[in-house]
Amino acid sequence: MVEYWSAVLGHRPQRHKLDRLIGRDVAGWLHPNLETLAATERAAMRGLRLAILSNAPHEVAEAIDDAAWFATFSPRLFSCRLGMNKPERGIYAAALKGVHLFDRYEYLLFTV
């Protein structure tokens, strides 16, 4: 996470600032867009399987895993766990494998 924020800021942040940035990043994920949430709920009720592919760092991935509104998304695929980032080609292959697309299951895959 230090590397990410260092690249964004153009310098290595002090620990207290890094902690604050991580906290804000996590908090941002915990307040979903209500229209988007309603759309995903409708899709799930219609029988679509929902998956998510995200470049989220570990801290955000853990928060997403704990958020009740993400329960309809399975699998939840995170670059920090897959060891690669979007737009690397391999992460999309891993996502397709993760949702068993090659087994002809139907999924709605969100990349964020």
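The values are calculated or read from the model by the stated rules, or taken from the named source; none is laboratory data. Note that the coordinates shown come from a computational prediction; the quantities given were computed from them, not determined experimentally. Here the Cβ positions follow ideal geometry from the backbone for every residue, glycine too, while neighbour counts run over all protein chains shown.
Results, tabulated for the structure shown:
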{"quantity": "Tabulated pairs, the stretch 32-59, first in contact (Cβ under 8 Å) with a residue 24 or more places away in the chain and outside any strand (DSSP E or B), second surrounded by fewer than 17 Cβ atoms within 10 Å (Cβ to Cβ) and basic (Lys, Arg), C-beta under 6 angstrom, 6+ apart or interchain", "calculated": "ASN55/LYS86"}
{"quantity": "Among the residues listed as ASP65, ASP19, ASP25, the single one being of a type in the set (Asp, Glu) and buried (at least 16 other Cβ atoms within 10 Å of the Cβ)", "calculated": "ASP25"}
{"quantity": "Some residue of the stretch 29-37 being among the polar types (S, T, N, Q), buried (at least 16 other Cβ atoms within 10 Å of the Cβ), over 12 Å from the mean Cα position of the chain (by Cα) and farther than 29 Å from GLU3 by Cβ", "calculated": "no"}
{"quantity": "Among (1) of a type in the set (Lys, Arg); (2) under 27 Å from MET84 (Cα atoms); (3) exposed (fewer than 13 other Cβ atoms within 10 Å of the Cβ) - the single one ARG42 does not satisfy", "calculated": "(2)"}
{"quantity": "Cβ-Cβ under 9 Å pairs, at least 6 apart or on other chains, the stretch 76-89 side surrounded by 13 or more Cβ atoms within 10 Å (Cβ to Cβ), far side part of a loop (DSSP other than H, G, I, E, B) and acidic (Asp, Glu)", "calculated": "SER79/GLU88"}
{"quantity": "Every residue from the stretch 45-62 that is hydrophobic (A, V, I, L, M, F, W, C) and surrounded by 18 or more Cβ atoms within 10 Å (Cβ to Cβ)", "calculated": "LEU50, ALA51, ILE52, LEU53, ALA56, VAL60, ALA61"}
{"quantity": "Flag for ARG20 being modelled with pLDDT of 85 or more and not hydrophobic (A, V, I, L, M, F, W, C)", "calculated": "yes"}
